Structures are given as structure tokens and as C-alpha cells.
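Everything below concerns the one structure shown next.
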Amino acid sequence: MTKQETVKEAPTPSIGIIAQYIKDLSFEAPGTVPTSHNATPNLQINMHVSTAASEKNTHMVLLETKASAMQGKNTLFVLELTYAGVFSLENVPEKMLPLVLYIECPRILFPFVRSIVAHITGDGGFPPLYLAPVDFMAMYEKHQASNSIH
């Protein structure tokens, strides 16, 4: 290569957050007095990631979380939260787009979801529910294996 020849570097990929917000939230504590329970409840926690393109290089990522606590046949609480993030993705190669949308963007949103769940359950009269860290890579790989990503 001569001095006049230059190597053109690929532009650096970037993720920008345009907006993030609670899209849907529901909390119910049916027929129970929250402070009257001493036994450890049976917790069920499910999380799902979905995406939608809105404009060129702009994508919405939804982190849907459902948490419920049961004590025997008694439902202590049910919490459903859909948290949305609108992301600007620049210079992300097409083959990397699913990884960014289903792994990196949810990683950015997760701390906010965790905080909201803890506050809502605490404000509902229960001990705050602090969600354990989520391995979004494993979640993505599991969905890829079952072709259930949409």
C-alpha cells in the first residue's frame, strides 16, 4: 500500500435512547391484606422481549414483565409491566441488528424495569420484589432455537 492509498474504516455502530417509558402497568392484590403474610410466597416471574421498527434506524423495544406471588391457592399479587424504549441505531450491520435489539437494548432497559417492579410491589404493601439479573443472551438463544422471536 502506498502513502496515497488509505484504508477506509467502517463507521462505529452506536445506540441512542430517544425515549423510554411505561407503556402499560397493572398491579392487583386480590382479597389479601399484604402485611398479614409471614410465609414465603411462591413467585412466578416471566419476561419477554419484542421489537418493532418505527422509522429508518429507529426501533421500539418492549420489555414485558409479569410477576405473581401465590401462597397456597391465594393470589397475593399480580404485576404486569410493559416498559418501552425507543432507540436510534446508527451504523449497526444488518446481521448484528437482532443481537442489538434483543440483547443490548433490553440490558439498557432492565434496571428501570427492576426499579419499577420493586417500587410497585413495595407500594402495594409487600416487601419490594428485586428482580434478579437477566441473561438476555440466553433468552435470545432460547428463542432463536424455537424460532419464536417476532
Which value, in debye to the nearest 20, describes the size of the charge dipole of the stretch 30-150 about its Cα centre when Lys and Arg Cβ atoms bear +1, Asp and Glu Cβ atoms bear -1, and nothing else is charged? 260
So the pair-distance distribution of the chain, from every Cα-Cα distance in 10 Å bins, comes to percents of 10, 34, 27, 16, 8, 3, 2, 1
Does the stretch 70-142 classify as rounded, prolate or oblate by the C-alpha gyration tensor (a ≥ b ≥ c root eigenvalues; a/c under 1.5 gives rounded; else a/b over b/c gives prolate, otherwise oblate)? prolate
Across all directions of projection, what mean area in square nanometres is found for the Cα convex hull of the stretch 100-150? 4.1
What number, rounded to the nearest 500 deg cm²/dmol, is the helix-based mean residue ellipticity at 222 nm of the chain, given -39500 (n - 2.57) per DSSP H run of at least four residues and division by all its residues? -6500 deg cm²/dmol
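All of the numbers you see were taken from the coordinates with simple rules; none came from a lab. Being a predicted model, the structure only gives us computed values, none of them experimental. Reconstructed Cβ throughout: ideal geometry from the backbone, glycine too, with neighbour counts over all protein chains shown.
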